[in-house]
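J.: Right, I'll just put the structure down here and ask away after.
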Amino acid sequence: MPEVFGIKALLTTINFDEVAMFITTARFLKKTLHAAAIAFIVFIFPPAPGWASSGTDETVAMASLLTKGLAELIELDVAIATGTLKPLKLAPSVATVITAQDIEDMGAATLDEILETVPGLHVQPSATNVFTSTWSIRGVYSQLNPQVLLLIDGQSLKSNNNGGKPASFRMPVSTIARIEIIRGPGSAVLGADAFAGAINIITKDGRDINGSNAGFRGGSFGSYDLWAQHGGSYRGWDVALGAEYAKGEGDKKRIIEKDALGSGYPSLAPGPLDTHYETFNTSLTVTREKFRLNLNGFWMLGNGIGAGVSNTLNSGRSRADSHALLASLVYTEKELVQDFDLTTRVSGSYNWGRNTFYFFPPDYRNAIGRPGVKELNGGIEFTGDYRKFNDHRIRLSFGINNFNTDTFQEKNYGPGIPVQFGPLVDISNTPYVYLKDQHRRLSYAGIQDEWAFARNWALTAGVRYDDYSDFGNAISPRIAIVWKTAPELVTKLLYGRAFRPPTFGELHQQNNPATIGNNNLDAETINTYELAFDYRPLRALRFGLNLFEYRIKGLIDYLADPAPATTKTAQNARDQKGRGFEVETEWVATEALKLRANFSYQRSTDSATGAVVPDVPAMKFYANAHWKFMPEWSVDGQYFRVMDRHRAAGDTRPKIKDYDLVNMTLRKKNILKHCDLAVAVRNLFDNDAREPGPAVIPNDYPLQHRSFWAELRYSF
Amino acid sequence: MSAVPLQRVSYAEQPSVREYELKAVYLYNFLQFVQWPESRRTVSKDGAMVIGIVGESPFGEALADLQADVRRSGMKPVRIIQYGPYQDHMDFGECHLLFVSQTEKGNFRRIIARLKDSPVLTVADTENFISAGGMINLVQSGGKIRWTINRAASDRAGLRLSAQLLTIAVRIVEGP
């Protein structure tokens with residue numbers, strides 16, 4: 001039988017042991033991973049009775065669609081995803097998406113409140129940067145917080161001088177359609193500063209708003225919030241316009257018992273942190289087939305700066321003012337040539353900032369400083385998307401950015417000032433200014449291939465090269481393997497390298513009594529490995545487990561200069577390593593009840609000394625229940641626990657106490673026609689929760705006490 | 001700021017699901033509004049018709065939901081075949097309807113040629129599908145989803161489209 005011989009001949013060329021081994025290994029690996037994920041998840045979250053869920057919103061929707069005729073179907077409005085979005089579970093990174101609906105459900109009034117719910121991310125005030133919130137991710141923490149990239153509609157919002165977001169940045173939520181938070185390195189795609197993570201805020205377009213609405217929220221500590229927005233379609237142009245104004249006195253019971261001058265005269269301690277704020281935000285989005293225009297404005301109008309610039313209470317005279325205006329225009333030409341899409345993005349931004357610092361209380365020493373900055377940045381980027389080859393999706397990008405910083409300053413002390421502690425003198429454009437005007441040009445190019453190399457497998461590999469005119473360059477590679485292990489399980493193995501260039505301040509700061517720049521600095525770099533599982537045993541139930549390990553080289557810090565100098569100079573001072581995990585779960589228990597929880601653990605240490613990175617929580621737990629207990633009524637509860645925060649080496653204070661907070665929000669839709677009402681309490685049990693302060697503030701920074709607010713929304 | 005990168009960070013969980021839920025229901029409806037030639041009318045014993053997807057499926061869980069809901073409500077059953085990325089040896093003969101994903105944009109002509117006017121209704125939601133010889137292309141207009149029809153192609157394959165499909169179509173082209 002020739003056929004049999006043929007097959008036999010064929011078979012002899014194959015090494016059966018190898019094939020069998022390969023198949024067994026693959027199966028074994030798949031089964032083990034599967035079992036491990038299930039065991040782990042079940043161990044942490046034992047199944048509750050009533051586990052099997054009934055249909056979710058989506059299945060209901062599907063069933064009802066099936067009952068409709070074609071004529072009815074074509075009249076339905078659909079939410080169209082723009083571009084080629086992927087399901088989150090297949091993203092080649094560890095990401096969290098929070099939608100406007102989630103934000104409304106949890107009753108968050110600011111971006112900070114939203115971010116605190118993200119596993120591995122913790123929000124706390126900076127001790128040295130005008131009490132601006134810092135967002136630490138997985139134990140990567142610093143006072144100026146330049147290691148997290150904030151993007152507004154894909155455009156970065158940061159200070160050239162400090163690297164982080166603008167001073168005293170505070171963002172209300174009415175204009176937000178969606179927030180995408182990527183933990184882990186993003187430089188291979190996003191370039192500088194997507195180091196510990198990246199936060200992309202997408203503002204609402206006309207379709208998201210669809211009509212007009214306005215809202216008012218008022219509550220404890222003299223806080224109120226007003227917003228209005230309109231969205232619609234005009235001759236094929238989709239337009240969205242929104243504005244929000246917020247103001248508050250701050251909780252005056254956030255008392256600092258002792259400050260850098262001790263307590264009692266001349267110190268104003270015990271006394272309150274100054275946390276008053278006034279902000280104004282605007283957002284305009286115009287889209288049409290190939291175009292998208294975004295204009296976003298942020299105004300911080302004299303916000304309080306906590307315990308003061310020198311951690312010395314000063315009766316609320318110091319303030320931080322800043323504005324940021326962002327503009328970007330994106331044009332996409334699909335099929336520019338066959339199988340090739342080209343996206344061009346032109347963007348520009350203007351930042352203005354000025355801090356008014358009274359360093360000490362009035363009776364102690366009249367030291368006043370008013371450093372300011374004007375920054376004008378602009379750039380153009382081309383991104384090509386090439387699909388010619390089977391199973392490959394190649395993206396090429398190329399761009400140029402210009403960064404310009406002009407400084408200005410008034411002060412009444414230090415070099416160049418004729419009468420010390422006398423009247424303010426303008427020292428802008430003199431050798432005495434804190435930072436000379438600076439310019440930097442960035443050119444970059446990147447390539448990435450998304451390759452579906454086998455059924456259920458995708459490999460994303462990319463690299464980006466960034467060249468800076470003033471300090472050097474950086475190469476940021478990434479590799480991601482995404483494997484649909486089983487219909488209900490996705491496994492990802494990720495590697496990425498990211499960088500953070502030294503800021504203008506770190507390179508060139510001068511005339512500062514404490515800290516001096518150093519133009520020999522290198523970029524900070526981080527190498528991160530992640531293993532992530534996304535497991536959905538039921539449609540309504542999801543578990544995530546992310547394991548990570550990272551190594552940072554050359555963290556920039558100010559180190560003491562040799563005596564007799566009393567200054568500190570910026571250095572690539574330390575290396576850091578860390579590892580940890582995040583577990584997340586989300587369960588749509590019934591159509592009316594949605595439960596979520598996450599737990600994160602990180603251990604980060606100084607690579608040389610082994611000292612644990614201080615001030616950030618080693619563990620964090622968040623739980624949330626959202627229950628629509630009657631038609632049009634909902635109640636939402638949030639529970640936060642922040643645990644295990646170490647002191648810096650040499651700080652003899654006891655470990656910072658763990659704290660927990662509970663928030664509740666009650667909402668009634670259509671309390672009147674087109675009018676929704678919500679009432680909320682934050683820190684329901686009025687717990688004494690504290691975030692770490694420097695040694696001169698021995699009892700740390702107390703968080704806000706119990707507070708209430710009520711909100712009305714009207715749509716028309 | 002800095003003109004940062006457009007390379008999109010964007011991932012969507014919900015919105016795309018909605019869009020493709022509706023599109024999944026359309027595919028199911030198309031099966032009822034097309035008459036196949038005698039040779040293809042006999043289907044499997046359970047009477048299931050077959051929808052094939054070639055390329056990376058954009059439907060998420062929508063097709064699985066469709067199948068389940070169809071079964072639950074006792075409607076005519078449907079079978080789904082996910083072919084994955086197109087390869088030249090693929091045989092789509094089993095399908096009544098073949099949905100060609102955007103990810104196969106570069107292969108439209110090859111896939112159409114592979115079908116050789118066999119009675120398979122080809123559907124996509126990508127601009128140049130019709131000009132490549134595809135039969136139905138789903139399009140967005142004013143936030144709604146409708147379709148254009150290439151009648152020459154469906155005629156060549158011996159498929160008879162119902163009047164309703166044709167009247168609702170935003171455009172009917174008679175070639176290539």
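The values are calculated or read from the model by the stated rules, or taken from the named source; none is laboratory data. Please read these numbers as outputs of a predicted model, since none were measured by experiment. No Cβ is skipped: glycine too gets one built from the backbone with ideal geometry, and neighbour counts run over all protein chains shown. For accessibility, only protein heavy atoms count, side chains too; no ligands or nucleic acids. Shrake-Rupley method; radii C 1.70, N 1.55, O 1.52, S 1.80 Å.
J.: Could you state the accessible area per residue of the protein assembly as shown in Å², with a 1.4 Å probe and every protein chain left in place?
T.: Per residue, the protein assembly as shown has an accessible area of 42 Å².
J.: Assuming 0.36 nm per residue, please report the length gained on full extension of the stretch A:F216 to A:L595 beyond their Cα-Cα distance.
T.: Between A:F216 and A:L595, full extension yields an extra 133.6 nm.
J.: Let's see if you can work this out: charge +1 on each Lys and Arg Cβ, -1 on each Asp and Glu Cβ, no other charges. What is the dipole magnitude of the protein assembly as shown about its Cα centre, in debye to the nearest 20?
T.: 800 debye
J.: Sequence-distant or interchain residues sharing an amide H contact under 5 Å with A:R690, placed H: which?
T.: For A:R690, the qualifying residues are A:L703.
J.: Also, I was wondering about something else. Which of rounded, prolate, oblate describes segment A:357-486, given a ≥ b ≥ c as roots of the alpha-carbon gyration tensor eigenvalues and a/c under 1.5 marking rounded, otherwise prolate only if a/b is larger than b/c? Show your work: numbers first, answer last.
T.: Numbers: a/c = 5.11, a/b = 2.93, b/c = 1.75.
Judged from the Cα gyration tensor, segment A:357-486 comes out prolate (a/c at least 1.5, a/b above b/c).
J.: Starting from the Cα gyration tensor of segment B:14-173, take the square roots of the eigenvalues, sort them a ≥ b ≥ c, and report rounded, prolate or oblate (rounded when a/c is under 1.5, otherwise prolate if a/b is larger than b/c, else oblate).
T.: Values: a/c = 1.17, a/b = 1.05, b/c = 1.11.
In terms of gyration-tensor shape, rounded.
J.: A drop of at least 10 square angstrom in accessible area, chain alone versus all protein chains together, probe 1.4 Å. Which residues of segment A:391-418 meet that?
T.: Buried-area filter returns A:D391, A:R395, A:S397, A:N401, A:F403.
J.: So who's got an amide H within less than 5 Å of the one on A:S318, skipping anything under 5 residues away but keeping other chains? H placed 1.01 Å off N, in plane.
T.: A:Y358
J.: Based on DSSP H runs of at least 4 residues, each adding -39500 (n - 2.57), what is the mean residue ellipticity at 222 nm of the protein assembly as shown after dividing by all its residues, to the nearest 500 deg cm²/dmol?
T.: Working: 15 runs with 133 residues, N = 892.
Helix contribution divided over all residues of the protein assembly as shown: -4000 deg cm²/dmol.
J.: Ignoring ligands, DNA and RNA, how much accessible area is buried between chains B and A, both sides summed, with a 1.4 Å probe, to the nearest 100 Å²?
T.: On the way: alone 10100 and 33330 Å², together 37860 Å².
Separately minus together, B and A give about 5600 Å² buried.
J.: Take every residue in peptide A:183-193, count the Cβ atoms of other chains within 10 Å of its Cβ, and give the average of those counts. Spell out each step's value before the answer.
T.: Numbers: counts 0, 0, 0, 3, 0, 1, 6, 5, 4, 2, 2.
Counting other chains' Cβ atoms within 10 Å and averaging over A:183-193 gives 2.
J.: Same structure, new question: Below 8 Å between Cα atoms, with a sequence gap of 6+, how large is the relative contact order for chain A in percent?
T.: Relative contact order of chain A: 11 percent.
J.: In addition: Tell me, in nm to one decimal, what length is gained between A:N670 and A:D112 on full extension, where the rule is 0.36 nm per residue of separation less the Cα-Cα distance?
T.: Working: separation 558, 0.36 × 558 = 200.88 nm, distance 2.83 nm.
Here the answer is 198.0 nm.
J.: Which residue, B:W36, A:F340, A:V140, has the largest displacement toward the positive end of the dipole of the protein assembly as shown when charges sit on each Cβ (Lys, Arg +1; Asp, Glu -1)?
T.: Positive-end residue among those listed: B:W36.
J.: Leaving ligands, DNA and RNA out of it, report the carbon-plus-sulfur percent of the accessible area of segment B:14-173 at a 1.4 Å probe. Can you show the working numbers first?
T.: Working: 3300 of 6720 Å².
Carbon-and-sulfur percentage of accessible area, whole number: 49.
J.: Let me know the shape class of chain A, please: from the alpha-carbon gyration tensor, a ≥ b ≥ c as square roots of the eigenvalues, rounded when a/c is under 1.5, otherwise prolate if a/b is greater than b/c, or oblate. All intermediate terms of the calculation are to be shown ahead of the outcome.
T.: On the way: a/c = 1.58, a/b = 1.37, b/c = 1.15.
Since a/c reaches 1.5 and a/b is larger than b/c, the shape of chain A is classed as prolate.
J.: Probe 1.4 Å, all protein chains in place: accessible area of A:I671 in Å², nearest 10?
T.: Only protein atoms counted, so the area is about 70 Å².
J.: Let me ask something else about it. Run the quick spin-label model on A:A608 and A:A445: label points 7 Å from Cα toward the beta carbon, then report their separation in nm to one decimal.
T.: Going from the A:A608 label point to the A:A445 one covers 3.8 nm.
J.: Taking the inverse of the average 1/r across all pairs of different Cα atoms in segment A:482-548, what Kirkwood radius in Å do you get? Before the final figure, lay out each step's value.
T.: Numbers: mean 1/r = 0.0646 Å⁻¹.
When all Cα pairs of segment A:482-548 are included, the Kirkwood radius is 15.5 Å.
J.: Cα axis of helix A:2-12 to longest principal axis of chain A: angle in degrees, 0 to 90, nearest 10?
T.: 30 degrees
J.: With angles folded into 0 to 90 degrees, how steeply does helix A:16-44 sit against the dominant principal axis of chain A? Use alpha carbons for both and round to 10.
T.: That works out to roughly 50 degrees.
J.: Sticking with this structure for a sec: DSSP loop trypsin sites (Lys or Arg not before Pro) in segment A:131-236 with at most 11 other Cβ atoms within 10 Å of their Cβ, which ones? If you can, show how the numbers build up before the last one.
T.: Working: sites: A:R138, A:K158, A:R170, A:R178, A:R183, A:K204, A:R207, A:R217, A:R235; in loops: A:R138, A:K158, A:R170, A:K204, A:R235.
Counting only loop positions with at most 11 other Cβ atoms within 10 Å, the trypsin sites (Lys or Arg not before Pro) in segment A:131-236 are A:R235.
J.: Among all stretches of chain A without exposed GluC sites (Glu not before Pro) (DSSP loop, at most 11 other Cβ atoms within 10 Å), which one is longest?
T.: Here the longest run is A:290-631.
J.: Still on this structure, please answer the following. Taking the Cβ-Cβ separation of A:D522 and A:D651 as r and a Förster radius of 22 Å, what is the calculated FRET efficiency to the nearest 0.05? Write out the running numbers ahead of the final one.
T.: Details: r = 29 Å, r/R0 = 1.30.
Working from the Cβ atoms, E equals 0.15.
J.: So how much accessible area does B:D91 have, in Å² to the nearest 10, using a 1.4 Å probe?
T.: 110 Å²
J.: Report, to the nearest whole %, how much of the accessible area of chain A belongs to carbon and sulfur atoms, 1.4 Å probe, protein only. Before the final figure, lay out the partial values.
T.: On the way: 18800 of 30640 Å².
It is 61 percent, rounded to a whole number.
J.: Quote the accessible area belonging to B:S39 in square angstrom, nearest 10, computed with a 1.4 Å probe and with ligands, DNA and RNA left uncounted.
T.: 90 Å²
J.: Calculated FRET efficiency, A:K568 and A:H392, Cβ-Cβ r, R0 51 Å, to nearest 0.05? Before the final figure, lay out each step's value.
T.: Details: r = 50 Å, r/R0 = 0.99.
The formula returns an efficiency of 0.50 here.
J.: Which of the trypsin sites (Lys or Arg not before Pro) across segment B:54-161 are loop residues per DSSP, with 10 or fewer other Cβ within 10 Å?
T.: B:K116
J.: In addition: About its Cα centre, how strong a charge dipole does segment B:14-173 have in debye, to the nearest 20, once Lys and Arg get +1 and Asp and Glu get -1 at the Cβ? Don't jump to the answer; show the numbers that get you there.
T.: On the way: 20 positive and 16 negative charges, 91 e Å.
In debye, rounded to 20, segment B:14-173 gives about 440.
J.: What angle, in degrees between 0 and 90 and rounded to the nearest 10, separates the Cα long axis of helix A:57-66 from the longest principal axis of the Cα atoms of chain A?
T.: Computed tilt is about 40 degrees.
J.: Lysines within cross-link reach of A:K334: Cα-Cα under 16 Å, excluding same-chain residues under 8 positions apart?
T.: Cross-link targets: A:K290, A:K388, B:K105.
J.: If you don't mind, there's one more thing I want to ask. Per residue of A:378-387, what is the mean number of Cβ atoms on other protein chains within 10 angstrom of that residue's Cβ? Write out the running numbers ahead of the final one.
T.: Numbers: counts 3, 5, 1, 6, 1, 4, 0, 1, 1, 6.
Other-chain Cβ atoms within 10 Å of each residue's Cβ, averaged: 3.
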